[in-house]
């Protein structure tokens, strides 16, 4: 196999996985690089996806399995791209595979090592709602189901003390504290950037109380709170008090003004949260404080209607920017200007902020490495010719999913399929050139 | 509804209509009950020559086979056929059409408000001659004739549901109701006064009253054999002949799966199960066979009663199927044989239904 | 084979049963020696079966796999049972081991004695007993499995694109190369579709030597499956032609809803009410929007969300189109006052925000209402503060909803694909396969899928192209699933139950023979048809009644 | 081979689990070490719609104290609509059992998704307890064919 037939996909979320599965085959090898120790991306953080309220794990797990079992995909988890040189058909990429300290081959995922580890840390994958050990898998049901060691917090690795408990607990001799980062030099013909996005940093909106008031939640926190494989095993209980909420306000458009665009999916996930709440807490009262309802496409309005009125009260505000959340003796107060511009008050015990979708912090760095342009919002720019192409400003480098801008899962998959098609086309035209070049010159090295 | 007044008795009138259909070449053949005058023997027959109509006894109150079952392949021959069917036979046929085992395309169906039929044993014993005149008289008065099959006594679906032509007979006379364009078209030119009339509802109501009462009693008698022990009691005498499924209009399979290797047992199974559980119930197949059949077709059971009629050991199969079938069909407001366009419940679904089942 | 006393020749099966210790994960809970002894003690209950039972440390490890491979070869195993972890983890691993030997991988089973036994059952004795039960069930079942063989199929890489609008042309361009022909079939006499403006791809499509364009032509018939379709085309002048292709892309576009459908809007022919798409076209062609009498309107209202209520969805593009049009009118004729009347502004993405800014900057008046009705040229606006206002305009432009094209129904029937609740083609899976349909090899692009922007249409088109480009690689063959359903013709009555429940259209009625026929290349092996067949005429390989019954019987022994 | 060391019996619950959701959910229960009784006998099928009601009858008559059918939640079927068919077939079978006076509680349908490991364990525990209260299946006493 030559570089012309190899592809590098960066990011193993649903876009990266779909693109990899489409491209991998006897004639094409795919390297799938993922920063986290597990694959699956953001989708697997959601118990259910709108609008079908379909179980996300059920939807994604077969895709994850297919990726891991595909002989033509080399999945490099816990890895990062360090440099990208060359041009379409002939890229040289170096990938750093971080020391995992646990052998992907030998470990069977029994989890014995977690129990003995004396170090506890917040589990960021679970939005820090629970803790993990210094040797950990991010969540139950992780794929690959092999832990990593946080080298900065591991007592042995950071030099605090000669702890060897995990090594001793492992019956499989899968843990090697001498493990080191490895650098892998890859020759590939094309790249697909699919590193996803983040949600707006809500602490930048002090008026909404996130961070200061424990009853105020980010969307991802709430997703994990609801998830049956999450920190509370799916029980919706309030941070701190552990009480079950009676009244919940969902504030739309958090960060829209600041970002300067509507993410197009926050209304839908907010309505999904209404379903979540009513499903588990039938007596809960829910309020959606919004100014515009944006539910585009053939599948979304029905969903909105199914919650509107019955399950939630839609409260219109003339200015999201003037919504204010404060703490009271009994819970939280949300103050907002209503349709006539008069300030209304709402007493609740839980607030969920529908945060905007923003570029992931590492997107700019990736763009710089890959030499591709960003758009004004900081997402990777595509379709420079208006044709819907997924090619970036650099030939041979394509992109897919929310790294290109906020979008729902459907559009993410469509982009992944588009990008995969364009890569396949590029590859076949190159192979074609090779065959037909009478001079014998070839793009193959 | 356009109806034709029948001057003579219903059998004669329909015989004449059938002869008319044959002689005017509107149909190629007629399916009807026949009785050979010399011997009194009766069967279901296909007649193509108008002169053969003398043997036709369209409303003979016996069911030698479910005519709906017999009609299956005949109806798909491409020939135009007029068929005289009892309401349950027509419903059975309709259920078969839904399963691609028959077609209404070239068919004129004639049915009547049904007084029920006598068990086959009455035909064999030769008692039929005596019973029929009394039957006609009683049925016209909406009374239950004696000696009918238990299933018929308890049948509440005695009014034809989707016949082209239905016949109603009361003390006040007999009428032929035309329900479809085809009925109008085929009877064009057939002699008889046309009036606007429906079947006499009070007559139907009176019949229904006695039927409902009988059904209540039948179902109640089955309660005694409830539960696993009850089923064992009921089916304990089963000889495993599978006659019930062979005569069933809904059991349309060419080969019964329950007789296939899928349900065969190997020797170690017998031995080990016997050792583990200490007893083996023979004859084989009974409970699984009947439960399996119920899952396959109870919701489509038209209650024709053939299964009970042929059971050599008098197991009330029809009653059981009817009782269960009413419940399984009721889950989906399904009425077997009501309409050939109504989908079979297990072939379709609604996204929102049966809420608390999972 | 061994000779028996009766002179008959009988097969002797050699079943290998390998228990993985998985370190303490299995061996720490389950007494594997006892399991082995229990099963061996009963080995005489299998006729003509020899059991080989062994335990091993880690069967999934490199040495473990090698050990298993050697064992299969050395013992001449005819069947293999591996008692280890979940099939999700290592089913394919051990199938791979079988594939390196003469043992057909489908004569092997994995038994999950870890995730669903040792890890969940507290008591070691109970877990041990349970493991033995599972393994016995699997021995019984594996003996009834049969060898299955993959049958790669040759494919035709060409594609047919139905519809010559933006999506269709984009798909054609994305696909065409010297390795692949594209047949672009358009019902009308010209390319371009419903956008009303000249699409930039048109020239490229016409000049592309690998794209065959069929104008005034419709698809009249189709048979086949992914990689091998035969498609009948009928042209307006009655000419029939048959083409073959490996995939079909549906890009037939959409229509606009009738604004008067709702009853909230009523106007007559003579009123100056023009739907948005018309107004866009006029503005593009003429450079301005005039009233019928040739004068310029002084006031124009653009009414958003017309049809949203009735259709039950937000088309997602009308807000943007409406504001763009409003801004364009203001730019071209600054003396015209333009008012946009909306309920919610749905303007996702950075572009949306730009459009809104442009509209504001160009002086478009924006009015948010709870609802709007129209009678003649007078709008009744229900304001957010609860008051209402009636206003008349010289011209009114309703932004009608995007609705399915008329051909959608007939094409769906021809291709045996379902429609969604709004009458658009239904995707195979809303999230994971949005461009695919339940008929493999048939894809949906553009607004035939649902309302979307031109950019999204082209993305869908490229996604369809992506599916074709990656699945139908010239010179490569495709390997259909082997664990599919087969039909036992002698048992089939042709009742059609199986056809009704199969969402993939994998079963056909052979009316001449009065039976159903399974297209194995299309079947995905779910087994729904099997459960719908009272005759037992269907059999899903690897999940036959006999296999499952034996497993149940053994487990309950 | 039933463990009789407890005063009360250990039910045997034949469980037909669809490959995509409920089997994966059961695996997740294992990964999380959620304990449940030894009663569950899992049989993996591709889709709950593969489970012919006759399988359930067969398991019942073969001496299963309970029969559990697990599938993807309605709307989530890996094969589009399979579980909607399952649901109807199951409803019919329940009704048949009820009408014949058989204990229809010995049949259970449960929608368990791939992430619902805790639900699988909970259903297993609760259903086992329910069956334990009902007592042994009378078909354990003799072989029914």
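The values are calculated or read from the model by the stated rules, or taken from the named source; none is laboratory data. Here the structure is a predicted model, which means the values were calculated and not measured. Quick reminder, even Gly has a Cβ in these numbers, built from the backbone with ideal geometry, and neighbours come from all protein chains shown.
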query: From the residues in region A:361-386 that are within 14 Å of chain C (Cβ to nearest Cβ) and crowded, with 22+ Cβ neighbours inside 10 Å, which one is nearest to residue C:348 (Cα to Cα)?
result: A:379
field: Residue check, residue A:61 surrounded by fewer than 18 Cβ atoms within 10 Å (Cβ to Cβ), modelled with pLDDT under 95 and not in a loop (DSSP other than H, G, I, E, B)
entry: no
Residue list for region C:118-129, filter: farther than 16 Å from residue D:125 by Cβ and crowded, with 24+ Cβ neighbours inside 10 Å: C:118
message: Just checking, does region D:60-70 include any residue being at the interface with another protein chain (Cβ under 8 Å from one of its Cβ atoms), in contact with a strand residue (DSSP E or B) (Cβ under 8 Å, 6 or more places away or on another chain), crowded, with 24+ Cβ neighbours inside 10 Å and more than 23 Å from residue D:131 (Cβ to Cβ)?
response: no
message: Based on this model, can you work out whether residue C:363 counts as away from chain A (no Cβ under 14 Å) and within 26 Å of residue A:253 (Cα to Cα)?
response: yes
query: Out of C:383, C:390, which single residue is within 21 Å of residue C:326 (Cα to Cα), out of contact with any helix residue (DSSP H, G or I) (no Cβ under 7 Å at 6 or more places or on another chain) and at the interface with chain A (Cβ under 9 Å from one of its Cβ atoms)?
result: C:383
query: Is there a residue being out of contact with any strand residue (DSSP E or B) (no Cβ under 6 Å at 6 or more places or on another chain), in the same structural domain as residue A:255 (by TED's automatic domain parsing) and over 28 Å from residue A:221 (Cβ atoms) anywhere in region A:329-340?
result: yes
- request: Please find, within region D:14-34, the residue that is surrounded by the fewest Cβ atoms within 10 Å (Cβ to Cβ) out of those that are farther than 13 Å from residue D:123 by Cβ and at the interface with chain C (Cβ under 7 Å from one of its Cβ atoms).
  value: D:33
field: Flag if residue C:184 is within 9 Å of another protein chain (Cβ to nearest Cβ), modelled with pLDDT of 90 or more and either over 30 Å from residue C:40 (Cα atoms) or in a helix (DSSP H, G or I) (or both)
entry: no
Members of region B:273-314 found to be at the interface with chain D (Cβ under 8 Å from one of its Cβ atoms), out of contact with any strand residue (DSSP E or B) (no Cβ under 9 Å at 6 or more places or on another chain) and part of a helix (DSSP H, G or I), listed by number: B:286, B:287, B:288, B:291, B:292, B:294, B:295, B:298, B:299
query: What tally of residues in region A:272-308 results from selecting those that are crowded, with 20+ Cβ neighbours inside 10 Å, without any contact (Cβ under 8 Å) to a residue 12 or more places away in the chain and either more than 25 Å from residue C:402 (Cα to Cα) or more than 13 Å from chain C (Cβ to nearest Cβ) (or both)?
result: 0
message: Quick check on residue B:193: is it in contact (Cβ under 8 Å) with a residue 24 or more places away in the chain and either within 14 Å of chain D (Cβ to nearest Cβ) or touching a strand residue (DSSP E or B) at 6+ places or on another chain (Cβ under 6 Å) (or both)?
response: yes
- prompt: Since residue C:485 meets every condition but one in (1) more than 30 Å from residue C:515 (Cα to Cα); (2) buried (at least 21 other Cβ atoms within 10 Å of the Cβ); (3) more than 10 Å from chain A (Cβ to nearest Cβ), which condition does it not meet?
  reply: (1)
field: Single match in C:360, C:331 (criterion: assigned to a helix (DSSP H, G or I), more than 39 Å from the chain's Cα centre (by Cα) and without any contact (Cβ under 8 Å) to a residue 12 or more places away in the chain)
entry: C:360
query: Can you tell me which residues in region C:111-165 are in contact with a strand residue (DSSP E or B) (Cβ under 6 Å, 6 or more places away or on another chain), assigned to a strand (DSSP E or B) and closer than 25 Å to residue C:483 by Cβ?
result: C:111, C:153
- request: Determine, yes or no, whether residue A:116 is surrounded by 19 or more Cβ atoms within 10 Å (Cβ to Cβ) and either within 14 Å of chain C (Cβ to nearest Cβ) or under 22 Å from the mean Cα position of the chain (by Cα) (or both).
  value: no
- prompt: Among A:117, A:55, A:113, which is without any contact (Cβ under 8 Å) to a residue 12 or more places away in the chain and touching a strand residue (DSSP E or B) at 6+ places or on another chain (Cβ under 7 Å)?
  reply: A:55
message: Condition (residue is more than 14 Å from chain C (Cβ to nearest Cβ) and part of a loop (DSSP other than H, G, I, E, B)) applied to region B:87-103: is it met by at least one residue?
response: no
task: Kindly indicate whether residue C:258 is modelled with pLDDT of 90 or more, within 30 Å of residue A:298 (Cβ to Cβ) and out of contact with any helix residue (DSSP H, G or I) (no Cβ under 6 Å at 6 or more places or on another chain).
output: yes
- request: Would you check which residues across region C:419-463 are over 21 Å from residue C:315 (Cβ atoms), in contact with a helix residue (DSSP H, G or I) (Cβ under 7 Å, 6 or more places away or on another chain) and either assigned to a loop (DSSP other than H, G, I, E, B) or more than 8 Å from chain A (Cβ to nearest Cβ) (or both) and list them?
  value: C:432, C:436, C:439, C:442, C:443
- request: Within region D:86-105, track down each residue that is closer than 20 Å to residue D:50 by Cα and more than 7 Å from chain B (Cβ to nearest Cβ).
  value: D:86, D:94
- prompt: Looking at this structure, is residue C:92 free of Cβ contacts under 8 Å to residues at least 24 places away in the same chain, surrounded by fewer than 21 Cβ atoms within 10 Å (Cβ to Cβ) and touching a helix residue (DSSP H, G or I) at 6+ places or on another chain (Cβ under 6 Å)?
  reply: yes
query: Name the residues in region B:315-341 that are over 13 Å from the mean Cα position of the chain (by Cα), part of a loop (DSSP other than H, G, I, E, B), more than 8 Å from chain D (Cβ to nearest Cβ) and touching a residue at least 24 places away in the same chain (Cβ under 8 Å), would you?
result: B:315, B:316, B:334, B:335, B:339, B:340
query: Is one or more of the residues making up region A:94-107 assigned to a helix (DSSP H, G or I) and out of contact with any strand residue (DSSP E or B) (no Cβ under 8 Å at 6 or more places or on another chain)?
result: no
message: Would you confirm whether or not region B:223-245 contains a residue that is touching a residue at least 60 places away in the same chain (Cβ under 8 Å), within 23 Å of the chain's Cα centre (by Cα), assigned to a helix (DSSP H, G or I) and surrounded by fewer than 19 Cβ atoms within 10 Å (Cβ to Cβ)?
response: yes
